[in-house]
Amino acid sequence: MTQFTSQDSELLINGHQLSLVKLRAGQTPFYAYDRSIISKKITQFRTAMPSELKLHYAMKANPMPALVDFIAQQVDGLDVASGKELNVALNSGMAAHSISFAGPGKQTKELQMAIASQITINIESFTELDRIIEICELIGIKAKVAIRVNPDFELKSSGMKMGGGAQQFGIDAELVDNMLAKIKQQDLDYQGLHIFTGSQNLNADSIMLAHQNIFELATRLQRGCEMPIQSLNIGGGLGIPYFPGEQPLQIEPIGKALAGLIANFYNEFGTVEIAMELGRYLVGEAGIYVAEIIDIKQSRGTTFAVIDGGLHHHLSASGNFGQVIRKNYPVAIGNKMDKDHLEAIQIVGPLCTPLDLMANKYQLPVVEIGDLVVIYQSGAYGYSASPQDFLSHPRPIEMLV
Ligand SMILES: *Cc1c(COP(=O)(O)O)cnc(C)c1O
């Protein structure tokens, strides 16, 4: 993977040799996140986007506290999806008014945390609005609220669709007027709208079309509203390449188109905070998962390398987190970076299930026990999106390098 370099056959993580990073970890398996790659992604994004656009980090992609602290210094806001993520976000020092909370099924305790800390709640149901009103009366504080809108259009080419049609997310666009009236009547602190259409999209044209639709919808909804709009969150969903044949997303045209959409919106509604929230795009490529080969066996002509980690640490690389057809994540032998690709092997984990397959028929240098298997594109939806307790093996370490 081109975002990483190597030296004397060894992978480098932010300039550090893999063998030393392994010793620093004190164990295998581990996740390592490269600070320089994260910062570079953020800079590239900012360069391509109009200066008015705010950048938020969607923490559920990777909620490791040290990583959130690092990113918080470089972005304009944080988006959380639970009370625990909210705590990490506030601990990072990010200002409360730049933190927002989305997700269906927020618990009363979580709503209290959000209202007491004065972050913005993206409302996802009428029940939730009622609970917010009740809490505000109880503790005597006005809640900052935005409406998460389930749009009346769908995002094409999205890896994971999260808006359009029937959804557990957000308020159907046709019901938003109703909710706006209730927010006004209850005198809550109305912030604006949040429209998120889907995740892992590598098609710039479909993202630009979605943005156009999002601004049109936001304009339509806001026109009928007597409360001024202060913020518009246009979601994220920018994808990264995982599989052979996938190309990195070209974001420059997206930025150019957004400049026009934002200017139009400002014309009608004045200066409004407009934010894009990104998870995977900022951190996915910066992370690797590293496990050691502890056994090699042949079975009827096929080579199996057994590693000391697997799907319990990294579900998405095993193909069991939202993939329809299993495909390999990019993999390398981190201590044999210069060797020619010589044989197709199976890399499997220690779990007693055939699902624990981390690379299928992958062309790799001839492997030996003790080699380090590196799985790239592992900075998002890795550690925290995996069933760590399945089979009760030890957990991996996470490090920022
Ligand atoms: C998950 C999520 C994101 C982040 O999605 P990525 O594909 O990681 O960028 C952003 N916004 C909301 C509301 C989400 O639920």
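The values are calculated or read from the model by the stated rules, or taken from the named source; none is laboratory data. Predicted model only: the values in this text are computed from it and were never measured. Reconstructed Cβ throughout: ideal geometry from the backbone, glycine too, with neighbour counts over all protein chains shown.
Take G245 and decide whether it is more than 16 Å from the ligand (Cβ to nearest atom) and either in a loop (DSSP other than H, G, I, E, B) or not assigned by TED's automatic domain parsing to the domain that holds C136 (or both). Taking the combined requirement at face value, the residue satisfies it.
From the list N320, N328, the one residue that fits, being under 18 Å from the mean Cα position of the chain (by Cα), more than 16 Å from the ligand (Cβ to nearest atom), assigned to a loop (DSSP other than H, G, I, E, B) and over 30 Å from Q230 (Cβ atoms), is N320. Touching a residue at least 12 places away in the same chain (Cβ under 8 Å) and loosely packed, with under 13 Cβ neighbours inside 10 Å: is that true of E285 in this structure? Spelling it out, it is not the case that E285 is touching a residue at least 12 places away in the same chain (Cβ under 8 Å) and loosely packed, with under 13 Cβ neighbours inside 10 Å. Of everything in the range 72-106 that is in contact (Cβ under 8 Å) with a residue 40 or more places away in the chain, within 20 Å of S125 (Cα to Cα) and outside any loop (DSSP other than H, G, I, E, B), the residue that is farthest from the ligand (Cβ to nearest atom) is S100. Only one of the numbered conditions (1) at pLDDT 95 or above; (2) surrounded by fewer than 19 Cβ atoms within 10 Å (Cβ to Cβ); (3) closer than 17 Å to G379 by Cα is not met by V21, and that is (2).
Of note, Y383 does not satisfy the criterion of being surrounded by 19 or more Cβ atoms within 10 Å (Cβ to Cβ) and away from the ligand (no atom under 16 Å from the Cβ).
For C225, the conditions (1) in a loop (DSSP other than H, G, I, E, B); (2) modelled with pLDDT under 95; (3) within 30 Å of S318 (Cα to Cα); (4) of a type outside the set (G, A, S) are fulfilled apart from (3).
Going by what's in this entry, would I123 be described as closer than 20 Å to L180 by Cα, crowded, with 16+ Cβ neighbours inside 10 Å, within 14 Å of the ligand (Cβ to nearest atom) and of a type in the set (A, V, I, L, M)? Considered against the rule, which asks whether it is closer than 20 Å to L180 by Cα, crowded, with 16+ Cβ neighbours inside 10 Å, within 14 Å of the ligand (Cβ to nearest atom) and of a type in the set (A, V, I, L, M), I123 comes out as yes.
Based on this model, can you work out whether K40 counts as within 16 Å of the ligand (Cβ to nearest atom), modelled with pLDDT of 95 or more and either assigned by TED's automatic domain parsing to the domain that holds G237 or more than 19 Å from Y383 (Cα to Cα) (or both)? In short, no.
The condition (being within 17 Å of the chain's Cα centre (by Cα), within 24 Å of I147 (Cβ to Cβ) and of a type in the set (D, E, K, R)) is satisfied by just one residue among D130, D34, D79: D79. Taken over the range 367-378, the criterion of being surrounded by 15 or more Cβ atoms within 10 Å (Cβ to Cβ), out of contact with any helix residue (DSSP H, G or I) (no Cβ under 6 Å at 6 or more places or on another chain) and assigned to a loop (DSSP other than H, G, I, E, B) is satisfied by V367, D371, Y376, S378.
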